[in-house]
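Visitor: One structure coming up, written as structure tokens, with questions to follow.
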Amino acid sequence: MTSSDERDPRRAAMERLSLEEVEEAAGELQRRLGVALRRIGERDADRGGMHASNPRRQVAELAALCEVTAIGLGAIAAGLPPGPRLPPAHPTLPAAIAYGAPNLAALLTRLEQDRRLLTSLARQLESRLDLTVLFGSDGVTPRQLLLDALIEQPARLALELEQVAGLREL
């Protein structure tokens, strides 16, 4: 079996981050998301409608990922199997989150609360972050779930929204 260092050096470097470093990076990524989303504005955040991929919907998808990950981490912390994973493109939860947030500020607040929820659960699991668990049909570690929800997906989205907002060029 190939080590994560041989498969993806960037991912291996992320997996070596301390929990404090993950929290700090997640907070900075969320700040960047907020700046870009506010720059895009309420009206343009919905460009394309609720059924298309638009900035509001993309942030709601990230919130959905965080919330599903939190449910899984909570189950692991309680000594229960984490249950099935929500398919990344499943539309119902992100649509409900986007609809439930009356404005961008509320959506960003929800995302901030989700980040705090995940980091709190991660602190509870700190001694077990690198133990492999079955989540859906995948064998993953809580650390991998955390990095996906707090670092990888927010970084991808921050870059995309910064480009849309005119804060970054390709």
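Visitor: Inside the stretch 106-115, can you point out the residues that are over 13 Å from PRO55 (Cα atoms) and surrounded by 13 or more Cβ atoms within 10 Å (Cβ to Cβ)? Please lay out each step first, then the result.
Guide: Residues of the stretch 106-115 over 13 Å from PRO55 (Cα atoms): 106, 109-115.
Once the filter is applied, which keeps residues that are over 13 Å from PRO55 (Cα atoms) and surrounded by 13 or more Cβ atoms within 10 Å (Cβ to Cβ), the stretch 106-115 yields THR109, ARG110, LEU111, GLU112, GLN113, ASP114, ARG115.
Visitor: Does the stretch 117-157 hold any residues that are under 16 Å from ALA70 (Cα atoms) and free of Cβ contacts under 8 Å to residues at least 12 places away in the same chain, and which are they?
Guide: SER120, VAL140 - these are the residues of the stretch 117-157 that are under 16 Å from ALA70 (Cα atoms) and free of Cβ contacts under 8 Å to residues at least 12 places away in the same chain.
Visitor: Let me ask you something else. Could you figure out which of (1) within 25 Å of ALA158 (Cβ to Cβ); (2) over 17 Å from the mean Cα position of the chain (by Cα); (3) not in a helix (DSSP H, G or I) isn't true of HIS90?
Guide: If we test HIS90 against (1) within 25 Å of ALA158 (Cβ to Cβ); (2) over 17 Å from the mean Cα position of the chain (by Cα); (3) not in a helix (DSSP H, G or I), just (2) comes out false.
Visitor: With GLY79, GLY72 as the choices, which residue is of a type in the set (Gly, Ala, Ser) and in contact with a Gly (Cβ under 8 Å, 6 or more places away or on another chain)?
Guide: GLY72
Visitor: Please verify whether THR119 is more than 17 Å from ARG57 (Cβ to Cβ), modelled with pLDDT under 95 and polar (S, T, N, Q), treating the condition exactly as stated.
Guide: No: the conditions fail for THR119.
Visitor: Say whether the condition of being among the β-branched types (Val, Ile, Thr), at pLDDT 95 or above and surrounded by 13 or more Cβ atoms within 10 Å (Cβ to Cβ) is met by at least one residue in the stretch 81-97.
Guide: No, that holds for no residue.
Visitor: Quick check on the stretch 116-143: of everything there that is within 18 Å of GLY83 (Cα to Cα) and among the hydroxyl-bearing types (Ser, Thr, Tyr), which residue is surrounded by the fewest Cβ atoms within 10 Å (Cβ to Cβ)?
Guide: SER137
Visitor: Taking the criterion of being surrounded by 14 or more Cβ atoms within 10 Å (Cβ to Cβ), part of a helix (DSSP H, G or I), within 14 Å of the chain's Cα centre (by Cα) and basic (Lys, Arg), would at least one residue in the stretch 151-161 satisfy it?
Guide: No, because not a single residue in the stretch 151-161 is surrounded by 14 or more Cβ atoms within 10 Å (Cβ to Cβ), part of a helix (DSSP H, G or I), within 14 Å of the chain's Cα centre (by Cα) and basic (Lys, Arg).
The values are calculated or read from the model by the stated rules, or taken from the named source; none is laboratory data. It should be emphasised that the depicted structure is a prediction, and the values quoted were computed from it without experimental measurement. Heads up, the Cβs are rebuilt from the backbone with ideal geometry, glycines too, and the neighbour counts pull from every protein chain shown.
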